Amino acid sequence: MDFKKIIIIIVIVFVFFLGILYFLKQDSSSQSKQSLSPEEQMAMERISPLGTGEGFWDEAISPFREDRTKPYLELLDELKSGKINFVWEVWALRRKCKAGYTPDQCNATIIAYIEAEYESPDKEKVKDLFLSYFRYEEEYRKWEQPTDLSFVELYEKIKAKRRDVLGEKADLIFGMEESQVSFLEGTQNFIKQSANLPAEQRVKQFEDLKKKTYGTYYDSLVSREDKFDHYQMEMSLRDKEFNNISDPKEKEKYLSRIETKYFGKERAANLAEERAKESKFQESISKYESKEKEFLRENASLSLSEKEKKLKEIRIQFLGSEEEADAYIRRKNIEEAGK
């Protein structure tokens, strides 16, 4: 096993993050009026091109009616624990806006929804959170980013910008994302620095790193991670120790112990059974290929059709069935074509 999967995950997160940044840089030509604050413009005036007749507000907020509004304290708790990601929630709401809406019109629709669905004082607090984020987006669009920085250096600048605009709300809105990025960076360093540690110590320290970096988001983030990814990560950390086991039975016991930890006894037993079948099949293939070489060496004078007929009989004899014999040939042809 290796760490290619970790690198792939880092690349995916990086690309997704860049996609968000690209979106925020679009539509930067927003209009403003000196008599209104940015919040008032967003929540009131910018929606005006859609009309303001009777029934307009109900039509505007109807895309969000199926959502259950969360009390402010519940929203706050879920943001602090990582149960929800504020930016993802905003984008989920935006996806429900009508296709022709501009970003500002969609934002105003979200504010209208909050106005209609919440009672004071929750209404003002929730609205302030959304308006603060919308204001951050506006400031971000205007910001001339340095172009000569690495991703890590640029991300530090972005984090500083967030706190400059949002203050303490930056942790509520971006805290979980920032902890994930920090963990990905920390993972790369940990892999290099812990290469010579005993496997058990390495696994424990990796989990300690995750807990420390994720902080209050740990339980929520881990609950959303795939068990198989966890398993692969631990086996990668144990790679050196596992490869040093020479006894096949001990190697199987080692695997079974880790698989039971992540998948339970029944699933671990099934995986062990599948490995045993595959091992037996590979052994049969090895015996067949040895017999094939012997047969071709001793029967060089036979015609091609006679050789193939006899080899098929030998394949069935060693591999157990005509289906398995045919599957072996198909796999062999694919391997040869790929060389």
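Restricting the stretch 124-146 to residues that are farther than 21 Å from E74 by Cα and more than 27 Å from the chain's Cα centre (by Cα), the residue that is modelled with the highest pLDDT is R135.
Within the option set T109, T147, T69, T102, being closer than 25 Å to F183 by Cα and either of a type in the set (V, I, T) or surrounded by 15 or more Cβ atoms within 10 Å (Cβ to Cβ) (or both) holds for one residue only, T147.
Among the candidates I84, I114, the residue that is open to solvent by less than 80 Å² (accessible area, probe 1.4 Å), of a type in the set (V, I, T), at pLDDT 60 or above and not in a helix (DSSP H, G or I) is uniquely I84.
Restricting P146, P198 to those that are of a type outside the set (G, A, S) and farther than 30 Å from K240 by Cβ reduces the list to P146. If you go through the stretch 297-311 and pick out every residue that is open to solvent by less than 70 Å² (accessible area, probe 1.4 Å) and in a helix (DSSP H, G or I), you end up with 2. The set of residues in the stretch 159-170 being buried (at least 17 other Cβ atoms within 10 Å of the Cβ) and among the charged types (D, E, K, R) consists of R162, K169. Counting only helices (runs of 4 or more DSSP H) that sit wholly inside the stretch 180-276, those with at least 3 residues that are of a type outside the set (A, V, I, L, M) and more than 28 Å from L79 (Cα to Cα) are 199-214, 227-237, 239-243. Scanning the stretch 72-129 for residues that are touching a helix residue (DSSP H, G or I) at 6+ places or on another chain (Cβ under 6 Å), of a type in the set (S, T, N, Q) and farther than 22 Å from G215 by Cβ yields N107, T109. For first residues located in the stretch 212-237 and on the phi > 0 side of the Ramachandran plot, partners that are open to solvent by less than 40 Å² (accessible area, probe 1.4 Å) and of a type in the set (S, T, N, Q) and lie 6+ apart or on another chain with Cβ distances below 7 Å form the pairs G215/S179. For the stretch 192-248, filtered to residues that are open to solvent by 80 Å² or more (accessible area, probe 1.4 Å) and touching a Phe, Trp or Tyr at 6+ places or on another chain (Cβ under 7 Å), the residue that is farthest from I173 (Cα to Cα) is K227.
The values are calculated or read from the model by the stated rules, or taken from the named source; none is laboratory data. Not measured: the values here are computed from a predicted model. Cβ sites come from the backbone with ideal geometry, for glycine too, and all protein chains shown count toward neighbours. Areas reflect the complete protein model, heavy atoms only, side chains present, ligands, DNA and RNA absent. Shrake-Rupley method; radii C 1.70, N 1.55, O 1.52, S 1.80 Å.
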